[in-house]
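Notes for the one structure printed next.
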Amino acid sequence: MHPDRLKWNRKHRLTGPGSKPSAAVAQHVHLARPGRALDLAAGNGRNALFLAGKGFAVDSVDISDVGLRMFANRHENVFALCANLETYEITANRYNLVININYLNRRLFPYIQEGLVPGGLLIFETFLNLPGFEPQKPFSPEHLNHLLKPNELAFAFPGLTPLICRETKVPGPGDPYPSALLVAVKGEADLRVKKTEHLSSTDPSSGGSRCGCKRK
């Protein structure tokens, strides 16, 4: 059995089924058009079940068969797929929505873009290696590969139009590290989007810093 499957199976046995969705998904799903969604590294299903409840048909991909079994039969619109995301191939031009929460696999970046239909939405949030931040446990070289670099996310998807792009300076509640969020659409933004958010590094109330969304 793959070492990552063993690791995540152990974790999901300890943590149990998911409950509340990611705040990033809950806050921005309204920007996506109804249809088919892809949940990468679906874990224990908290986001997949939320999206299914919103009417999406959700392809939920994760390496942990234990995690997938916790939610695979809880909603008829959830389609669970046990697969290694290091080799997984995303079907092109298929999804109205792709979510990637607390997972980083840079190999998937171009395939995520291709997987979205025109007008499709990406919600991508994961942890950030912010200079000056000292984690409780020292980073290993392998661990660093799973953390975004500052401003990296803003330029990771050149084929998408950023709607929201921000980096936090401190970890959120229960998180081990600061994080970066990108909400972006394939093609030009339309009337679904009221405003684009760029957090200023000088705004003390935002808890975040500019993520370089205004690209040339």
Original post:
Within region 21-55, which residues are under 14 Å from LEU121 (Cβ atoms) and in contact with a Lys or Arg (Cβ under 7 Å, 6 or more places away or on another chain)?
Top reply: VAL29, LEU31, ARG36
**OP:** For residues that are assigned to a strand (DSSP E or B) and loosely packed, with under 15 Cβ neighbours inside 10 Å, tally how many sit in region 167-189.
**Re:** 0
Subject >> Residues (part of a strand (DSSP E or B) and without any contact (Cβ under 8 Å) to a residue 12 or more places away in the chain) located in region 62-87 >> reply: none
Original post:
All but one of (1) over 20 Å from LEU153 (Cα atoms); (2) in contact with a Ser or Thr (Cβ under 7 Å, 6 or more places away or on another chain); (3) not β-branched (Val, Ile, Thr) hold for PHE127; which doesn't?
Top reply: (1)
Original post:
Restricting the search to region 86-135, which residues are under 14 Å from ALA42 (Cα atoms), crowded, with 23+ Cβ neighbours inside 10 Å and of a type in the set (Val, Ile, Thr)?
Top reply: VAL98, ILE99, ILE123
Subject >> Condition broken by ASP62, with the remaining ones in (1) farther than 20 Å from TYR111 by Cβ; (2) buried (at least 24 other Cβ atoms within 10 Å of the Cβ) satisfied >> reply: (1)
Original post:
Which condition number does ILE99 fail, the rest of (1) modelled with pLDDT of 95 or more; (2) assigned to a helix (DSSP H, G or I) being met?
Top reply: (2)
Original post:
What do you reckon, is ALA26 under 28 Å from PHE155 (Cα atoms), small (Gly, Ala, Ser) and in a loop (DSSP other than H, G, I, E, B)?
Top reply: no
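The values are calculated or read from the model by the stated rules, or taken from the named source; none is laboratory data. Being a predicted model, the structure only gives us computed values, none of them experimental. With ideal geometry, Cβ positions are generated from the backbone for all residues, glycine too; neighbour counts draw on all protein chains shown.
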